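**Student:** To start, I am sharing the structure in question, which I have written as structure tokens.
The values are calculated or read from the model by the stated rules, or taken from the named source; none is laboratory data. All values derive from a computational prediction rather than experimental measurement. Every residue, glycine among them, receives a Cβ derived from its backbone with ideal geometry; neighbour counts consider all protein chains shown.
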Amino acid sequence: MLKKTQVISIFLLGIVMVFGFTGCDILELEENENVESEILGAGEGVDSDTVSDWEDDREADELKRTLYVESNKEKYAPHDPITLRVYNRLDETVSFRNSALGLEVEKKVNGNWEKYNVEIIALDVIVDLKSGETAGLNIQDDLITKPGEYRLSVNGVMGGFETGTEVYGKTEIEITEEEQEEIELNILGDSDDESLKEDEISEEWWEEHQAEQDIPQDLYVESDQKEYNPKETIIIRVLNILDEKVSFSDTGLGLMVERKVNDGNWKKVDIALPVLYKIVALESNETAELIIKKNILTEPGIYRLSVHGLKGGYSNTDEFDDYEEDNDNIVSGYTEIKIVN
């Protein structure tokens, strides 16, 4: 059973050695999964010297029921993903009631910590973290977005849920005022070097353009490269090959992102892009350039990026709601890219 909130990912790491905070590969998810998990070997986790320094600052009674928690950084922009490491430094296994490790969020208000209500999508499964193991917790980028100071805590039980001892771990982070622009749109003129030309399009693409597809190739779309690492900026260019103007309802050109799953089909990826909802017009033979900043696509895999608009000129976005998906005025185009480690 799923509890409706934001997506949290968990992956269990091996026994802590003297290694720094590192990332790890995530297993390929089945279509209905929303928790990413993997058991890794020894050597992944947190720095043991850092844990020792942390323990020196704690009272003896507190150490008996406290887990060590750290974040991958102290400050985040409003839409940055957050990664936590939870190290079981106790002598017994700690059990958690859900895949979010009993995550709770507090916000500092006028110098005091107050509960901060967020919705969390977590599986109702018991997660056991053995002594010496580390769990990684990936928090989706739209769970905590308002600037301020936050305290994130995980809550479990040592010795069984009925008669055991409650244990916890906490860390503090800050969400800053500054938000990195994640997507940028430029309309290129015919004289721009980056503008696309119809006579430069390959014959192979024209053959696909004529074929029947689940997303029609009405517009020509290409990326600046075929493979990217998760931190690279992605640039896609859209050429209007039609003889008339095409209108889009937002500054992301109606961008939709899909990922190829195990059965070869495409599954939509929900990404919150900070676009402006206003009409963007692309004249015939004009090129639009979308610059997608780093950290939007972070999971390795094959992705299809498609844009969606309407033929003709429109004065407001409400007119887009009057058209069904099979309407002859709807136009689209896509390109495929690969995210690699």
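**Student:** As an exercise: evaluate Glu162 against (1) over 21 Å from the mean Cα position of the chain (by Cα); (2) among the acidic types (Asp, Glu); (3) in a strand (DSSP E or B) and give the number of the one condition it does not meet.
**Tutor:** Exception for Glu162: condition (3).
**Student:** Hey, another quick one. I'd like the residue in the range 243-271 that is assigned to a loop (DSSP other than H, G, I, E, B), over 21 Å from the mean Cα position of the chain (by Cα) and of a type in the set (Gly, Ala, Ser) and, out of all such residues, is farthest from Ile339 (Cα to Cα).
**Tutor:** Ser249
**Student:** May I pose another question? Out of the residues in the range 84-105 meeting the condition of being among the β-branched types (Val, Ile, Thr) and crowded, with 19+ Cβ neighbours inside 10 Å, tell me which one is modelled with the lowest pLDDT.
**Tutor:** Once the filter is applied, the top-ranked residue is Val86.
**Student:** To continue, here is another question. Filter the range 222-273 for residues that are crowded, with 17+ Cβ neighbours inside 10 Å and among the hydroxyl-bearing types (Ser, Thr, Tyr) and give the result.
**Tutor:** Once the filter is applied, which keeps residues that are crowded, with 17+ Cβ neighbours inside 10 Å and among the hydroxyl-bearing types (Ser, Thr, Tyr), the range 222-273 yields Ser223, Tyr228, Ser247, Ser249, Thr251.
**Student:** Among (1) surrounded by fewer than 13 Cβ atoms within 10 Å (Cβ to Cβ); (2) within 20 Å of His79 (Cα to Cα); (3) at pLDDT 85 or above, there is one condition Lys108 misses while meeting the rest; what is its number?
**Tutor:** If we test Lys108 against (1) surrounded by fewer than 13 Cβ atoms within 10 Å (Cβ to Cβ); (2) within 20 Å of His79 (Cα to Cα); (3) at pLDDT 85 or above, just (1) comes out false.
**Student:** Let me ask you something else. Residues to consider are Val275, Val261; find the one that is of a type in the set (A, V, I, L, M), in contact (Cβ under 8 Å) with a residue 24 or more places away in the chain and more than 27 Å from Asp328 (Cβ to Cβ).
**Tutor:** Val261
**Student:** Further question: Within the bounds of the range 278-290, is there any residue that is within 21 Å of the chain's Cα centre (by Cα) and either within 24 Å of Leu143 (Cα to Cα) or surrounded by fewer than 16 Cβ atoms within 10 Å (Cβ to Cβ) (or both)?
**Tutor:** No - not one qualifying residue is present in the range 278-290.
The rows are residues; the columns are (1) basic (Lys, Arg); (2) touching a Cys at 6+ places or on another chain (Cβ under 9 Å); (3) within 15 Å of Gly156 (Cα to Cα).
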position: Asp61; (1), (2), (3): no, no, no
position: Thr66; (1), (2), (3): no, no, yes
position: Val86; (1), (2), (3): no, no, yes
position: Arg89; (1), (2), (3): yes, no, yes
position: Val94; (1), (2), (3): no, no, yes
position: Glu106; (1), (2), (3): no, no, no
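**Student:** Which residue, of Lys268, Lys245, Lys294, Lys260, is within 18 Å of Glu227 (Cα to Cα) and either touching a strand residue (DSSP E or B) at 6+ places or on another chain (Cβ under 6 Å) or at pLDDT 90 or above (or both)?
**Tutor:** Answer to the check: Lys260.
**Student:** So, of the residues in the range 311-339 that are modelled with pLDDT of 90 or more and of a type outside the set (Gly, Ala, Ser), which turns out to be surrounded by the most Cβ atoms within 10 Å (Cβ to Cβ)?
**Tutor:** Restricting to residues being modelled with pLDDT of 90 or more and of a type outside the set (Gly, Ala, Ser), the top hit is Tyr334.
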